[in-house]
Amino acid sequence: MGDSLDRLHEAVLAARHRDPATSRTARLLHAGRGKVAKKLGEEAVEVVIDAMAGDRQAVVRESADLIYNLVVLWVSAGVSPEDVWAEMKRRERLLGIAEKLPKDFSDIEARRKVVALDQRRQRKRR
């Protein structure tokens, strides 16, 4: 699977420089990270809907779309498959391959930074 994702990642990287009029991937990347993230979310929802409906073949097809859009998001965000594999190895050392890192995990590296909202965007409560 890693080889397939590596090849897909390389193909998406190459597509960044193609004409958006002829390349769906280039068009998606040129639309910006927000559009890429929205598309990834849509595909994730489609996988969930098909899984809940018990449609195995649709789950397979939509999962392929989900993985494609995930890799497009990686490229948009400057993430490589190696970055993700390194994080998975780190987690495996801590908890095992089949466990998700708990949200309250005390490892400082695992925590996200809290970023203050721009003052103009904050609403005042009355």
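Annotations
- Placing unit charges on the Cβ atoms only, positive for Lys and Arg and negative for Asp and Glu, gives region 13-85 a dipole magnitude near 380 debye about its Cα centre.
- Taking Cβ atoms as reference points and 13 Å as the exclusive limit, the residues near Gly78 contribute a net charge of 0, counting Lys and Arg as +1 and Asp and Glu as -1.
- Environment charge at Glu43 (Cβ cut-off 9 Å; Lys +1, Arg +1, Asp -1, Glu -1): -3
- Ordering 48-58, 8-18 by mean Cβ neighbour count within 10 Å, with the highest value first, yields 8-18, 48-58.
- Value of D in µm² per second that Stokes-Einstein yields for region 8-102, Kirkwood Rh from Cα pairs, at 4 °C (1.567 mPa s): 88 µm²/s
- Computed from phi, the 3J(HN,Hα) profile of region 23-40 under the Karplus parametrisation 6.51, -1.76, 1.60 (θ = phi - 60°) reads 10, 4, 5, 4, 4, 5, 5, 5, 6, x, 4, x, 5, 4, 5, 4, 5, 4 Hz, with x in place of Gly and Pro.
- Using θ = phi - 60° and Karplus 6.51 cos²θ - 1.76 cosθ + 1.60, couplings along region 74-86 (whole Hz; Gly, Pro as x): 3, 4, 4, 8, x, 9, 10, x, 4, 4, 5, 4, 5
Each reported figure results from applying straightforward, stated rules to the coordinates on display, with no laboratory input. Just so you know, these numbers come straight off a predicted model, no measurement behind them. Note: ideal-geometry Cβ built from the backbone for every residue, glycine included; neighbour counts use all protein chains shown.
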